[in-house]
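Below you will find the structure I want to go over with you.
The values are calculated or read from the model by the stated rules, or taken from the named source; none is laboratory data. Keep in mind it's a predicted model, so treat the numbers as computed, not measured. Note that each Cβ is placed from the backbone with ideal geometry, even for glycine, and that neighbours are counted across all protein chains shown.
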Amino acid sequence: MTAAILRINTPTDLADLSHTWHSAGLKIGLVPTMGALHHGHLSLIDRIRPHVDKVVVSIFVNPTQFGVGEDFEHYPRNIDRDMELLAGVGADAVYTPTVEHVYQSGFATSIEPGAIAARMEGAHRPGHFNGVATVVVKLINQARADIAIFGEKDYQQLAVIRQTMRDLDVPVSIMGAPIAREPDGLAASSRNMYLSTEQRLLAGQINKIMRKIISELHKGLRVDDAVSRGTKALLDAGFDAVDYFEIVDADTLLPQTTIDGHCRLITTVRIGKVRLLDNMAI
Ligand code: AMP
């Protein structure tokens with residue numbers, strides 16, 4: 001037995017719905033996603049629900065955050081299954097705009113996040129965070145959201161979004177949610193479905209290697225040695241590339257030379273064309 005779920009396609013309809021809810025004194029929570037939903041996405045809905053009266057999930061594969069040669073065209077899309085999953089967890093509305101709805105004719109503005117977006121994912125995906133920051137502001141504005149929630153799975157993205165909302169005085173609270181993992185420790189991701197059986201087995205090593213390096217850091221391993229040892233362990237395990245393996249301050253995301261209880265290990269590795277992101281508190 002699943003609850004009724006509203007499907008909204010246009011910014012105008014979403015604004016009307018939000019207006020009705022706000023007029024009734026209800027608080028609105030937004031869960032932005034690109035669809036191909038998994039238990040990580042669903043955990044965001046569970047986390048935001050106690051803080052709001054209505055939960056809106058947006059499903060929008062945002063072209064402006066994909067670079068040339070990335071997987072925008074082939075990004076997994078399965079709206080029927082997503083709708084079933086969302087009805088099952090009791091989301092109140094699903095917002096599924098088209099690209100033309102979000103970027104209307106003549107659209108010309110883009111948000112350029114500062115230094116927090118420059119390194120790691122920002123360095124490997126030029127322009128990615130401009131696209132993310134811009135679309136997230138648009139989605140939050142379109143939904144008139146009181147709270148929006150993002151996963152720590154995309155740790156730098158969460159930091160960029162917090163900074164953007166603060167800098168632009170967007171009247172929204174941003175919540176972060178811990179990473180939902182598969183039983184072998186791999187962070188749940190829509191892109192995991194790109195992996196072959198053999199690649200999927202290898203992917204489970206990412207988190208194991210991270211945990212091992214973190215425990216060695218706690219036993220006194222130096223940060224620079226941890227970075228080189230972690231990178232080597234990933235390459236030796238069979239990953240095709242390690243885009244970065246960094247120990248950074250959990251807020252500024254700047255590289256650290258010592259660990260001080262407020263650090264994060266963040267990595268992105270590649271198997272073939274698939275990039276897999278993970279991070280952990282140290
Ligand atoms: P995506 O659909 O990949 O753009 O992700 C939508 C939101 O879900 C983002 O805030 C992600 O950080 C979050 N998310 C994706 N995977 C996970 C996960 N395994 N655990 C927690 N949050 C996640």
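Do you know which residues across the range 256-274 are touching a residue at least 60 places away in the same chain (Cβ under 8 Å) and surrounded by fewer than 18 Cβ atoms within 10 Å (Cβ to Cβ)?
The answer is GLY272, LYS273.
Assuming LEU139 fulfils every condition listed in (1) within 15 Å of the ligand (Cβ to nearest atom); (2) assigned to a helix (DSSP H, G or I); (3) out of contact with any Ser or Thr (no Cβ under 6 Å at 6 or more places or on another chain); (4) not small (Gly, Ala, Ser) apart from one, which condition is it?
Of (1) within 15 Å of the ligand (Cβ to nearest atom); (2) assigned to a helix (DSSP H, G or I); (3) out of contact with any Ser or Thr (no Cβ under 6 Å at 6 or more places or on another chain); (4) not small (Gly, Ala, Ser), only one is false for LEU139: (3).
Okay, next question. Looking at the range 224-239, can you tell me whether even one residue there is aromatic (Phe, Trp, Tyr) and more than 15 Å from the ligand (Cβ to nearest atom)?
yes
Considering only the range 179-244, give the helices (runs of 4 or more DSSP H) lying wholly within it that have at least 2 residues that are without any contact (Cβ under 8 Å) to a residue 12 or more places away in the chain and not polar (S, T, N, Q).
Output list reads 197-203, 223-237.
Within the range 162-173, how many residues turn out to be out of contact with any strand residue (DSSP E or B) (no Cβ under 6 Å at 6 or more places or on another chain), without any contact (Cβ under 8 Å) to a residue 40 or more places away in the chain and either within 13 Å of the ligand (Cβ to nearest atom) or part of a loop (DSSP other than H, G, I, E, B) (or both)?
So the count comes out to 3.
Which condition breaks for GLY122 when tested against (1) on the phi > 0 side of the Ramachandran plot; (2) crowded, with 18+ Cβ neighbours inside 10 Å; (3) away from the ligand (no atom under 15 Å from the Cβ)?
So the condition that GLY122 fails would be (1).
Only one of ALA108, ALA93 is surrounded by 20 or more Cβ atoms within 10 Å (Cβ to Cβ) and within 25 Å of ASN141 (Cβ to Cβ); which?
Every option except ALA93 fails the conditions.
With respect to the numbered conditions (1) in a helix (DSSP H, G or I); (2) within 11 Å of the ligand (Cβ to nearest atom); (3) of a type outside the set (D, E, K, R); (4) in contact (Cβ under 8 Å) with a residue 60 or more places away in the chain, which one is the sole condition not fulfilled by GLN157?
The one condition GLN157 does not meet is (4).
Please state which one of SER110, SER105 is of a type outside the set (Asp, Glu), at pLDDT 95 or above and more than 24 Å from ARG162 (Cα to Cα).
Of SER110, SER105, the one residue that is of a type outside the set (Asp, Glu), at pLDDT 95 or above and more than 24 Å from ARG162 (Cα to Cα) is SER105.
Confirm whether LEU253 is surrounded by 14 or more Cβ atoms within 10 Å (Cβ to Cβ) and under 27 Å from PRO183 (Cα atoms).
Answer is no for this residue.
Within the range 142-154, how many residues are assigned to a strand (DSSP E or B) and away from the ligand (no atom under 15 Å from the Cβ)?
Number of matching residues: 0.
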